[in-house]
Amino acid sequence: MLAMQYSFTLPADYDMSIIRERIATKGHLMDDFPLLVFKAFLHARRDHGRHHACENLYAPFYLWENAEGMNRFLSSSGFDALTASFGWPSIKTWSIWASRLLPTHVGAVCATREIVQIHPHTVLSDLQNAETERVGVDVENGGALGAIVGFEPNTWTLVRFRLWLKYQESFDQANVQFYEVGHMSIPAKFRTQE
């Protein structure tokens with residue numbers, strides 16, 4: 001599997017209801033995109049004080065079955081329309097180490113993303129095992145509806161992505177980006193997966 005995210009930083013005075021309306025009217029178009037596990041339509045509001053958002057963001061997060069799905073999307077008319085509206089994004093991708101999605105992840109209302117630097121000479125197998133265990137703990141005991149960890153060996157970073165039913169005080173950390181979820185696109189074959 002492969003995770004992917006791009007993020008558009010919008011002006012401080014941008015009317016974020018435009019983003020919410022875009023998600024409401026266009027989000028369903030991705031619901032059955034080939035090779036998609038899910039797309040979380042994410043946004044963050046600068047003025048949403050309790051979540052310490054520094055910028056207005058539109059930042060969808062994707063989980064693909066494989067790179068072919070990502071490539072199909074990036075060459076699609078939907079991506080062309082996105083770039084016509086918001087510009088040409090820089091796209092982050094991560095190879096998935098572990099993922100756990102509850103059937104209820106379709107109801108996620110918020111998400112968190114943390115990007116962590118991997119220090120040189122880290123024993124990657126140990127790190128992968130620890131992060132895989134953390135995925136399970138966050139879903140089984142931490143309240144997450146879904147948890148993903150992946151890594152990127154060019155910049156030596158890992159991503160921790162979580163889907164949640166409600167905001168938690170623990171999200172207010174300097175290195176954790178909080179998002180609201182406007183829509184979850186999940187193909188039918190994954191909607192009933194346990």
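The values are calculated or read from the model by the stated rules, or taken from the named source; none is laboratory data. In this text the structure is predicted, and so the values were computed from the model without any measurement. Ideal geometry is used to build each Cβ from the backbone, glycine not excepted, and the neighbour counts take in all protein chains shown. Note: accessible area is taken over every heavy atom of the protein model, side chains too, but ligands, DNA and RNA are not part of it. Shrake-Rupley method; radii C 1.70, N 1.55, O 1.52, S 1.80 Å.
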Exercise. Taking the residues in region 65-90 that are more than 22 Å from residue 43 (Cβ to Cβ) and among the polar types (S, T, N, Q) as candidates, determine which candidate is least open to solvent (accessible area, probe 1.4 Å).
Key: 66
Quiz item: Can you tell me which residue in region 119-147 is most open to solvent (accessible area, probe 1.4 Å), limited to those that are assigned to a loop (DSSP other than H, G, I, E, B) and in contact with a strand residue (DSSP E or B) (Cβ under 6 Å, 6 or more places away or on another chain)?
Solution: 145
Self-check item: Residues that are open to solvent by less than 50 Å² (accessible area, probe 1.4 Å) and without any contact (Cβ under 8 Å) to a residue 60 or more places away in the chain, drawn from region 158-194
Solution: 160, 162, 164
Quiz item: Quick one: what pairs do we get from region 102-115, first residue within 15 Å of residue 135 (Cβ to Cβ) and free of Cβ contacts under 8 Å to residues at least 24 places away in the same chain, second buried (at least 22 other Cβ atoms within 10 Å of the Cβ) and among the aromatic types (Phe, Trp, Tyr), C-beta under 7 Å, 6+ apart or different chains?
Solution: none
Practice problem: From the list 128, 168, pick out the single residue that is out of contact with any His (no Cβ under 8 Å at 6 or more places or on another chain), on the phi < 0 side of the Ramachandran plot and modelled with pLDDT of 90 or more. | Solution: 128
Practice problem: Would you check if there is a residue in region 40-59 being in a loop (DSSP other than H, G, I, E, B) and at pLDDT 95 or above? | Solution: yes
